[in-house]
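Working notes, beginning with the structure itself.
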Amino acid sequence: MRKAIIPLVATAAAQLLVIGSIAAAFAFQPEAAQLPTATIPVRADIEQGECIRQDPAPYESITYHVPLDANLQQYTAEMCDLYEVPLELAYAVMQVESGYTVSATSSTGDYGLMQINSINAGWLKDELGVTDLLDACQNIKAGCYMLGSYLALYDGDINRTMMAYNLGKSGAEKAWNAGTRSTAYTDKVWSAMVGLLEEERDVS
């Protein structure tokens with residue numbers, strides 16, 4: 001069952017919106033099949049095939065109005081359920097990190113929708129079989145896995161999770177030791193989450 005993750009540092013309005021949105025439980029999906037191999041990182045074609053499903057059966061989830069095709073939205077929902085990440089958090093990260101751009105890259109070695117840094121390529125390949133950070137599905141899987149790991153490590157604290165995702169674990173710990181509990185990045189992610197939650201949603 002998907003955990004209800006309660007943010008520890010946020011505005012009251014944001015807390016109410018997020019808590020209400022993650023109260024519903026979804027059915028657990030079995031582990032993903034091995035993804036195709038390629039060199040990390042490579043320039044993936046913008047037009048990509050369907051993602052590998054956790055289960056071929058239809059998957060019911062909340063649908064937000066985001067600029068991703070239905071296949072990627074469904075796959076994102078599956079990965080969020082698998083790694084116990086609020087769907088609106090994953091979308092907010094995509095919005096802030098890349099503006100939902102599959103082929104986005106940065107001068108600091110960040111790739112794809114969720115801007116996964118190439119420093120993570122080795123262990124992501126070992127643990128998840130991720131081989132192409134510009135493949136949309138592999139990028140989503142990696143990003144949701146990282147978010148879920150940080151949420152579990154920090155007891156569901158979304159601000160800490162976001163700081164660790166953005167700065168790295170050691171960078172975030174240095175910031176906390178210096179008394180910093182939130183950043184411009186976490187503020188942007190919260191704003192994006194609240195924006196998604198305030199929009200009208202349809203259940204597919």
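Nothing in this text is a laboratory measurement; each read-out follows from the coordinates by a stated rule. Because the structure is a prediction, the values reported are computed rather than measured. Here the Cβ positions follow ideal geometry from the backbone for every residue, glycine too, while neighbour counts run over all protein chains shown.
Quick notes on this structure:
- Cβ pairs under 6 Å, 6+ apart, first in the range 107-120 and within 12 Å of I140 (Cβ to Cβ), second part of a helix (DSSP H, G or I) and of a type in the set (V, I, T): M114/V93
- Sole residue being in contact with a Cys (Cβ under 9 Å, 6 or more places away or on another chain), within 23 Å of Y75 (Cβ to Cβ), in a helix (DSSP H, G or I) and not hydrophobic (A, V, I, L, M, F, W, C), chosen from K141, K125: K141
- Residues in the range 131-150 that are touching a residue at least 40 places away in the same chain (Cβ under 8 Å) and within 16 Å of P86 (Cβ to Cβ): I140, G143, C144, Y145, L147, G148, S149.
- For S98, the test of being surrounded by fewer than 21 Cβ atoms within 10 Å (Cβ to Cβ) and touching a residue at least 40 places away in the same chain (Cβ under 8 Å) is failed.
- Among the residues of the range 151-172, the ones that are free of Cβ contacts under 8 Å to residues at least 60 places away in the same chain, part of a helix (DSSP H, G or I) and surrounded by fewer than 21 Cβ atoms within 10 Å (Cβ to Cβ) come to 6 in all.
- Among residues of the range 74-117, those that are in a loop (DSSP other than H, G, I, E, B) and either β-branched (V, I, T) or in contact with a helix residue (DSSP H, G or I) (Cβ under 8 Å, 6 or more places away or on another chain) (or both), counted: 13
- Residues in the range 173-194 that are in contact (Cβ under 8 Å) with a residue 40 or more places away in the chain and of a type in the set (D, E, K, R): R181, K188.
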